[in-house]
Amino acid sequence: MKILVLNCGSSSLKYQLIDMEDESVLAKGLCERIGIEGSKLTHKVPGKDDFELETAMPDHAKAVQLVFDALTDKEHGVIASVDEIGAIGHRVLHGGPKLTESCIVDEHVKKVIRDCFDLGPLHNPANLTGIEACEKVVPGKKNVAVFDTTFGMSLPEKAYYYAIPTEYYEKYGIRRYGFHGTSHTFVSHETIKFGHLDPEKAKVIVCHLGNGASISASIGGKGVDTSMGLTPLEGLIMGTRSGDVDAAVVQFICNHEHKTVDEVLNILNKKSGVLGMSGVSSDFRDVEKAAEEGNHMAEVALDAFRYRVAKYIGAYAAAMNGVDAIAFTAGVGENDKKTRKLIVEQYLGYLGAKIDDKRNDVRGKEALISSDDSKVKLFLIPTNEELAIARDTLRLVEA
Ligand code: ADP
């Protein structure tokens, strides 16, 4: 079966068509600037030149139509007709406390996604728009919603409750949900498979270090704790997000800079992290270059980033009373051997974790990067959220 995976943002739409026979990517692409002037579709097929189309996309339905047109085009297409697509898997940010697992979309599921607009104001409306666009363009095709919050739904109460009055959980569902859930589930399972670990008992910490960054603890692939919270703001220092801060910082900046809470939250989400600390960039490559050239705050930002990761690893090793494997993934985790090496060598000696420089000299493929005498196995495991969504979609439509 061929599965189309869609990831809709407010003005963008990423897609991949995956052949589930061998899990190969038949085509992938991106629609940019939906609803804005200058909309563009970029369609990539392995072994062929990229196809680019600049044409008006007033809404997501038009973008979805163009994706189906590109997939079935005589020249750039990879399928003869949309009938070849078995189902569509949608990345959805927030399922709230009600939708705890991936599910086939029906009216109830759409209502819950809509009810969660408050919890995922930037993503959930776009995700629902993508689903409704598919219902319009290819009526009758099964749509599956795969939630970023699913991994966090197996957390125990002690990990997901915030220590605030319980009425706010009861009234509004305020709790830790965690994000990048599809990645944490995928990478923890791949780590167990690749590392031949105990599928029931393996204690795994996954460090998803990208522009957005989060870290999780799982036992046998089941979430025990995760660093993002009610929103993706909590936890690690990220490209532009602060991660953990004392909530009183918000009040202080509001009072002294005459800003609203929303404005300060925007600063914490979009102007903080390594960008805010270094003043250089949210891109780790730029910050690393600046640090090498002697920019002190760029060095401090990277140091703080690694320190925060190490603190969470310590916390999660304690939460699980041990750790068998630590996996690095996402843009920084998969490509930046220096960051991996420094995290392990500066902070994880007490766990008996030892990195092997030769094995660590690797990018973007599954690899063991610890030495043979390391007490904790260290891995590089590339994440693949699209494949995880496609696998879940296939499982549900075949059930
Ligand atoms: P997201 O999906 O959250 O947007 P990614 O997982 O794609 O982010 O990661 C993007 C980040 O990965 C960028 O900050 C980029 O600088 C970083 N990155 C990519 N390659 C390297 C590298 N070779 N060294 C350091 N950082 C890298």
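The values are calculated or read from the model by the stated rules, or taken from the named source; none is laboratory data. The model shown is predicted, which means the values in this text are computed figures rather than measured ones. We place every Cβ from the backbone using ideal geometry, glycine too, and count neighbours over all the protein chains shown. With ligands, DNA and RNA removed, areas are computed over all heavy atoms of the protein, side chains included. Shrake-Rupley method; radii C 1.70, N 1.55, O 1.52, S 1.80 Å.
Residues in region 327-345 that are open to solvent by less than 50 Å² (accessible area, probe 1.4 Å) and either closer than 15 Å to Tyr307 by Cβ or in contact with a Cys (Cβ under 6 Å, 6 or more places away or on another chain) (or both): how many? Steps first, answer last, please.
Filtering region 327-345 for residues open to solvent by less than 50 Å² (accessible area, probe 1.4 Å) gives 327-334, 336, 339-340, 342-344.
Now narrow it down to the ones that are either closer than 15 Å to Tyr307 by Cβ or in contact with a Cys (Cβ under 6 Å, 6 or more places away or on another chain) (or both): 328, 332-333, 339-340, 342-344.
Summing the residues that are open to solvent by less than 50 Å² (accessible area, probe 1.4 Å) and either closer than 15 Å to Tyr307 by Cβ or in contact with a Cys (Cβ under 6 Å, 6 or more places away or on another chain) (or both) in region 327-345 gives 8.
Inspect region 277-284 for any residue being modelled with pLDDT of 95 or more, within 16 Å of the ligand (Cβ to nearest atom), closer than 21 Å to Ser370 by Cα and surrounded by 13 or more Cβ atoms within 10 Å (Cβ to Cβ) and give the result as yes or no.
no
Residues checked against (1) modelled with pLDDT of 95 or more; (2) out of contact with any Ser or Thr (no Cβ under 7 Å at 6 or more places or on another chain); (3) away from the ligand (no atom under 12 Å from the Cβ); (4) closer than 29 Å to Ala217 by Cα:
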site	(1), (2), (3), (4)
Val287	yes, no, no, yes
Ala291	yes, yes, no, no
Gly294	yes, yes, yes, no
Leu302	yes, yes, no, yes
Val309	yes, yes, yes, yes
Ile313	yes, yes, yes, yes
Ala317	yes, yes, yes, yes
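Give Val144, Val187 a once-over and let me know the one that is assigned to a helix (DSSP H, G or I) and crowded, with 17+ Cβ neighbours inside 10 Å.
Checking each option against the conditions leaves just Val187.
In this structure, is Asp324 open to solvent by 40 Å² or more (accessible area, probe 1.4 Å) and in contact with a strand residue (DSSP E or B) (Cβ under 6 Å, 6 or more places away or on another chain)? So that I can check it myself, show each step before the final result.
Numbers: open to solvent by 40 Å² or more (accessible area, probe 1.4 Å): yes; in contact with a strand residue (DSSP E or B) (Cβ under 6 Å, 6 or more places away or on another chain): yes.
For Asp324, the condition - open to solvent by 40 Å² or more (accessible area, probe 1.4 Å) and in contact with a strand residue (DSSP E or B) (Cβ under 6 Å, 6 or more places away or on another chain) - is met.
Between residues in region 326-341 that are acidic (Asp, Glu) and in a helix (DSSP H, G or I) and residues that are open to solvent by 30 Å² or more (accessible area, probe 1.4 Å) and within 8 Å of the ligand (Cβ to nearest atom), which pairs lie under 8 Å by C-beta distance while being six or more apart or on different chains?
Going by the 8 Å Cβ cut-off, the qualifying pairs are Glu334/Arg363; Glu334/Thr383.
Yes or no: Cys31 open to solvent by less than 40 Å² (accessible area, probe 1.4 Å) and more than 18 Å from the chain's Cα centre (by Cα)? Lay out the reasoning, then the answer.
On the way: open to solvent by less than 40 Å² (accessible area, probe 1.4 Å): yes; more than 18 Å from the chain's Cα centre (by Cα): yes.
So Cys31 fits the description; yes.
I need the full set of residues from region 342-377 which are within 27 Å of Ser24 (Cα to Cα) and touching a residue at least 24 places away in the same chain (Cβ under 8 Å), in order please.
Asp361, Val362, Arg363, Gly364, Glu366, Leu368, Ile369
Within region 201-213, how many residues are closer than 12 Å to Ala327 by Cα, of a type outside the set (A, V, I, L, M, F, W, C) and within 16 Å of the ligand (Cβ to nearest atom)? Break it down stepwise before answering.
Here is the first cut: in region 201-213, the ones closer than 12 Å to Ala327 by Cα are 203-209.
Imposing the further condition that a residue be of a type outside the set (A, V, I, L, M, F, W, C) reduces the set to 203, 208.
Within this subset, residues satisfying the condition of being within 16 Å of the ligand (Cβ to nearest atom) are 208.
Residues in region 201-213 being closer than 12 Å to Ala327 by Cα, of a type outside the set (A, V, I, L, M, F, W, C) and within 16 Å of the ligand (Cβ to nearest atom): 1 in total.
Which of the residues spanning region 285-308 are among the small types (Gly, Ala, Ser) and either open to solvent by less than 50 Å² (accessible area, probe 1.4 Å) or in contact (Cβ under 8 Å) with a residue 24 or more places away in the chain (or both)? If you could, list the steps in order and put the result at the bottom.
Here is the first cut: in region 285-308, the residues among the small types (Gly, Ala, Ser) are 290-291, 294, 298, 301, 304.
Answer for region 285-308, where residues must be among the small types (Gly, Ala, Ser) and either open to solvent by less than 50 Å² (accessible area, probe 1.4 Å) or in contact (Cβ under 8 Å) with a residue 24 or more places away in the chain (or both): Ala290, Ala291, Ala298, Ala301, Ala304.
Of all residues in region 252-275, how many are assigned to a helix (DSSP H, G or I), buried (at least 19 other Cβ atoms within 10 Å of the Cβ) and within 16 Å of the ligand (Cβ to nearest atom)?
Matching residues across region 252-275 total 3.
Based on this model, can you work out whether Val109 counts as open to solvent by less than 10 Å² (accessible area, probe 1.4 Å) and among the β-branched types (Val, Ile, Thr)?
When the stated conditions are applied, Val109 passes them.
Tell me which strands (runs of 3 or more DSSP E) are completely within region 1-120 and hold 2 or more residues being within 29 Å of Thr231 (Cα to Cα), or say none if there are none. Before you say what the answer is, go through the steps one by one.
Values: elements: 2-8, 13-19, 24-32, 40-44, 51-54, 85-92.
In region 1-120, the matching strands (runs of 3 or more DSSP E) lie at 2-8, 13-19, 24-32, 85-92.
Would you pick out the residues in region 342-369 that are within 20 Å of Ile215 (Cβ to Cβ), part of a helix (DSSP H, G or I) and away from the ligand (no atom under 15 Å from the Cβ)?
Val344, Glu345, Gln346, Tyr347, Gly349, Tyr350, Leu351
Can we say Gly38 is open to solvent by 10 Å² or more (accessible area, probe 1.4 Å), without any contact (Cβ under 8 Å) to a residue 24 or more places away in the chain and either more than 19 Å from Glu132 (Cβ to Cβ) or of a type outside the set (Gly, Ala, Ser) (or both)?
On the way: open to solvent by 10 Å² or more (accessible area, probe 1.4 Å): yes; without any contact (Cβ under 8 Å) to a residue 24 or more places away in the chain: yes; either more than 19 Å from Glu132 (Cβ to Cβ) or of a type outside the set (Gly, Ala, Ser) (or both): yes.
The answer is yes for Gly38.
Might you let me know whether region 225-232 holds any residue that is in contact (Cβ under 8 Å) with a residue 24 or more places away in the chain and assigned to a helix (DSSP H, G or I)?
Step one: of region 225-232, the residues in contact (Cβ under 8 Å) with a residue 24 or more places away in the chain are 225-232.
Remaining after also requiring assigned to a helix (DSSP H, G or I): none.
Scanning region 225-232 turns up no residue that is in contact (Cβ under 8 Å) with a residue 24 or more places away in the chain and assigned to a helix (DSSP H, G or I).
How many of the residues in region 214-251 are more than 16 Å from the ligand (Cβ to nearest atom), among the aliphatic types (A, V, I, L, M), under 17 Å from the mean Cα position of the chain (by Cα) and surrounded by fewer than 24 Cβ atoms within 10 Å (Cβ to Cβ)? Reasoning before the result, please.
Keep residues of region 214-251 that are more than 16 Å from the ligand (Cβ to nearest atom), which gives 217-225, 229-230, 244-251.
Pick out the ones that are also among the aliphatic types (A, V, I, L, M) and you get 217, 219, 224, 230, 245, 247-250.
Applying the additional criterion that residues be under 17 Å from the mean Cα position of the chain (by Cα) yields 217, 230.
With surrounded by fewer than 24 Cβ atoms within 10 Å (Cβ to Cβ) added as a condition, the list becomes 230.
Residues that pass the stated criteria total 1.
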